Every structure is written in structure tokens, then in C-alpha cells.
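Here is the structure we will look at, set down as C-alpha cells.
The values are calculated or read from the model by the stated rules, or taken from the named source; none is laboratory data. Just so it is clear, the structure is predicted and the values come from calculations on it, not from any experiment. Reconstructed Cβ throughout: ideal geometry from the backbone, glycine too, with neighbour counts over all protein chains shown.
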Amino acid sequence: MENLKVNLKISNQNLILMYVGNLETYQGIDLLLESFALVIQKTDKIDLVIIGGDPSDIQKYQIKANSFGLDDKVHFCGARPTNHLNTYLSQADILVSPRIKGNNTPMKIYSYLDSGKAVLATDLPTHTQVVNDKVAMLAKPNPENFSQGILRLIDDPNLRLKLGIAGKMLVQEKHSYSAFRQKLNSLYDWLKESTLYPQTYGSTLIK
């Protein structure tokens with residue numbers, strides 16, 4: 001297992017703030033770096049690890065991080081095999097989804113929640129159609145508010161633990177394969193009882 005703190009020379013005393021995904025503009029990487037720059041003005045006990053992205057995007061954002069004086073605090077790891085995702089998430093203390101636009105829920109949110117780690121996301125429908133402030137820290141999509149969300153999670157380990165547990169429970173109860181199968185079975189039962197459909201309808205559904 002790749003040890004991020006060892007490989008990236010991150011202090012064992014520091015927390016890891018982690019983003020996983022591509023580095024397209026809509027993902028809010030500019031927002032993330034601007035917010036992190038504000039965080040570092042308050043504390044240096046945290047490092048930002050970014051996993052994913054094409055080389056050209058990494059170069060662009062590395063230049064931006066350097067312009068903020070974050071050369072040794074932001075670590076771009078590039079693309080990694082998807083089957084290693086859980087390994088990386090397990091090493092994070094805070095997971096972030098700074099997406100600034102879009103209506104669909106990013107698939108990483110489900111992996112984030114399932115990891116049992118605290119999640120910070122922008123309070124836009126792309127996230128709030130799945131999570132609320134009981135299972136994640138939600139912040140306005142601007143550097144001041146997003147940085148305050150990071151700082152609050154840094155300062156409150158009990159809150160990180162509480163949100164991590166609540167997020168994992170949400171995924172297991174509503175978004176796991178077994179939960180999905182239960183929803184399909186409930187639909188199948190309803191269809192069988194309806195006079196509008198034959199009794200054999202839905203025989204190919206997941207059981």
C-alpha cells in the first residue's frame with residue numbers, strides 16, 4: 001500500500017485534505033486552491049493531496065499553487081488506478097468536493113461517504129440532492145466560506161468523526177447495492193399488486 005505521508009514527505013502530525021477526480025474547471029480546483037491558501041494563513045498543520053488529472057491540468061494548477069506559496073503543501077499525485085481508491089481515501093482526514101457547477105451528483109461522493117471520513121462539499125444541488133449538513137460539511141462556493149469549512153473540520157476532530165460515521169451510515173442505508181436491490185424489490189412488489197401490470201412483470205429485475 002502506498003503510504004502518502006512517507007512518499008510525499010508529509011509530517012505525521014499533519015492532517016491530509018484530499019481531492020480525488022479530474023481537474024476540469026467545473027470541479028472547482030481554483031476554488032479549492034484559493035480556499036487552501038486562506039487555510040494555510042491560519043495553520044500549517046494540514047497538507048492538500050490531489051489525486052487525478054491530466055498532466056497539462058496538473059501543470060496549470062501546480063503553477064497556481066506555487067503562486068500562492070503552496071509549493072510544499074499541495075501534492076499532485078496524478079492518475080491512479082481506480083482499484084486503489086479505497087487505499088487513498090483511508091489515508092485522508094478530510095475529503096473535499098469543491099464542484100462549482102453541474103446538476104448530476106459526482107460519483108466520488110458515494111465513495112467519499114463510504115470511506116467513513118469527513119466530507120466537505122459546496123452547498124449546491126449537485127451535492128445537496130444526496131447529502132445534507134447532518135452527514136457532510138456544506139459551504140458556499142467561495143474561498144472565504146469554503147476555507148472556514150476546512151478550518152472548522154481541522155479544529156474539531158469529534159465533528160470529523162461524527163460526520164464520517166453519519167456519511168457511511170447514509171451510504172449503507174440508502175445507496176448500497178443491497179439498498180438498491182431492496183428498492184427494486186419494493187417496486188416489483190408494488191407492480192405485482194397493481195391491476196395495470198401482469199403478475200410476471202419485472203421477472204428480470206435484480207433479486
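The table below gives the values:
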| read-out | value |
| --- | --- |
| Residue in the range 122-144 that is nearest to residue 13 (Cα to Cα), counting only those that are of a type in the set (S, T, N, Q) and surrounded by fewer than 20 Cβ atoms within 10 Å (Cβ to Cβ) | 142 |
| Selection within the range 56-105 - of a type outside the set (A, V, I, L, M, F, W, C), closer than 15 Å to residue 27 by Cβ and surrounded by 17 or more Cβ atoms within 10 Å (Cβ to Cβ) | 57, 61, 97, 98, 99, 105 |
| Residue in the range 145-160 that is touching a His at 6+ places or on another chain (Cβ under 8 Å) and buried (at least 19 other Cβ atoms within 10 Å of the Cβ) present | no |
| Of residues in the range 38-62 being touching a residue at least 40 places away in the same chain (Cβ under 8 Å) and in a helix (DSSP H, G or I), the one farthest from the chain's Cα centre (by Cα) | 42 |
| Helices (runs of 4 or more DSSP H) contained entirely in the range 67-140, each with at least 2 residues that are closer than 20 Å to residue 49 by Cβ | 85-89, 108-114 |
| Contacts under 8 angstrom Cβ, first residue in the range 110-136 being at pLDDT 95 or above, partner acidic (Asp, Glu), 6 or more apart | 117/93; 118/93 |
